[in-house]
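See structure below.
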Amino acid sequence: MDPTVWLSGSLALLLMVFSLTNYFHERRRLSNGIWLNGFVLCAGGWLLIVAVSSGQMWLLIPILLLGLILLVAFALGIYGVIIFLLHNARQVWRRESHSLANLLGLLLALGLSVYVIWQALVLQGVIPSPLVLLFSFMPSLLFYIFLNVWNFLTLSLVYQLNRPRYRQQAIVVLGAGLIDGERVSGLLAGRIKRAITFYQQQQAKGGPTPLLVFSGGQGSDERLPEAVAMQRYAVHELGIPLADTAVEPQSRNTLENMRFSAQLIT
C-alpha cells in the first residue's frame, strides 16, 4: 500500500474517532466543529489520493462536490453574511429591545459592507498605498471570522441530531433582555415555548414531570429579574402550573446561570 494512502487514511480515522469521542463527551463544545471539519478535509484528501493512485476516478465525485460547496461559500460568503445580518438585525429590531447588544449584528453588517466598498476602491487604485498597507490585515481577519462562522454553522447542524431522552429531572431556561424592562421578548418567549414543548412531550411519554427552572437576574435597565418575568409568562400566558416552575433570579452571566440553577435542582 502506498504510504501516503496509509498515512492520510490513518489521520482521517484518528480525527473521526477524536471528533466522535469529544462530541459524545460534551456535545456543546465549539471545538467539536473544528475536529469534524478537520476530519472532512482529511477524508477528502484521502479519497483524492486513493482515486488518483488506483485510477478509480468516480471517487472524485464527493471531493468535487465538497470543493464546489467551499468555492461557493468563499465566493459568496461575505455577501451572504451581510444579507443574513441585515435580515437578522431587522427581526431583532422589530421583536427585541433596542439595546446596543441587539445592534451588534447591524453594526457588523455595516462594517462588512464598508470593507466590500473599500476592496472595490483598492482594486481601482483610488486608495493611497500607505492606507492599503495599514489595513492589509483585514483579509486575514475576515478569513478568520469566516472560519469561525463556518465552524459554528457546522456544529449547529450536527447538534440538531441531538435528541435528549424523556427522563429529565429539570429543564433550565436561560434569560435574555426584557422589553421595556418587564416584558418577555420574542426571542425569550421562543426559548420558554421550546422548553415547555419538551416538558409536555416528556409527560406524554410517561416520564417524570420536569421542573422548569427560569434563570436570569435583573439588569440595570430592568424593573424585575428576568427569571420572574419568564415564570409569569409561562404560568399566566401558557398555563404551566406554578408548582412545576422555579426561579433563579441572581445570575449575571451564563456560568452563574448554570451554577445557581444546579443548586435549585439538587
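The table for this structure:
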{"read-out": "Qualifying residues in the stretch 106-131 (those that are loosely packed, with under 14 Cβ neighbours inside 10 Å and among the β-branched types (Val, Ile, Thr)) - the one nearest to ALA89 (Cα to Cα)", "value": "VAL114"}
{"read-out": "The one condition in (1) open to solvent by 30 Å² or more (accessible area, probe 1.4 Å); (2) modelled with pLDDT under 85; (3) more than 22 Å from PHE152 (Cβ to Cβ) that VAL17 fails to fulfil", "value": "(2)"}
{"read-out": "Any hit, the stretch 240-251, residues being under 30 Å from ASN22 (Cα atoms), in contact with a helix residue (DSSP H, G or I) (Cβ under 7 Å, 6 or more places away or on another chain) and among the hydroxyl-bearing types (Ser, Thr, Tyr)", "value": "yes"}
{"read-out": "Residue within the stretch 178-187 that is out of contact with any helix residue (DSSP H, G or I) (no Cβ under 9 Å at 6 or more places or on another chain) and assigned to a helix (DSSP H, G or I) present", "value": "no"}
{"read-out": "Out of LEU64, LEU71, sole residue that is part of a helix (DSSP H, G or I), modelled with pLDDT under 75, open to solvent by 50 Å² or more (accessible area, probe 1.4 Å) and out of contact with any His (no Cβ under 9 Å at 6 or more places or on another chain)", "value": "LEU71"}
{"read-out": "Selected residue [of a type in the set (S, T, N, Q), in contact (Cβ under 8 Å) with a residue 60 or more places away in the chain and under 30 Å from GLN250 (Cα atoms)] from GLN169, GLN202", "value": "GLN169"}
{"read-out": "Selection count, the stretch 212-266, where residues are surrounded by fewer than 19 Cβ atoms within 10 Å (Cβ to Cβ), under 26 Å from the mean Cα position of the chain (by Cα) and in a strand (DSSP E or B)", "value": "0"}
{"read-out": "Whichever residue in the stretch 20-56 is open to solvent by less than 40 Å² (accessible area, probe 1.4 Å) and touching a residue at least 60 places away in the same chain (Cβ under 8 Å) and, among such residues, is farthest from ILE69 (Cα to Cα)", "value": "TYR23"}
{"read-out": "Members of the stretch 137-173 found to be open to solvent by less than 70 Å² (accessible area, probe 1.4 Å), polar (S, T, N, Q) and not in a helix (DSSP H, G or I), listed by number", "value": "ASN162, GLN168"}
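The values are calculated or read from the model by the stated rules, or taken from the named source; none is laboratory data. It should be emphasised that the depicted structure is a prediction, and the values quoted were computed from it without experimental measurement. Backbone-built Cβ (ideal geometry, glycine too); neighbour counts: all protein chains shown. For accessibility, only protein heavy atoms count, side chains too; no ligands or nucleic acids. Shrake-Rupley method; radii C 1.70, N 1.55, O 1.52, S 1.80 Å.
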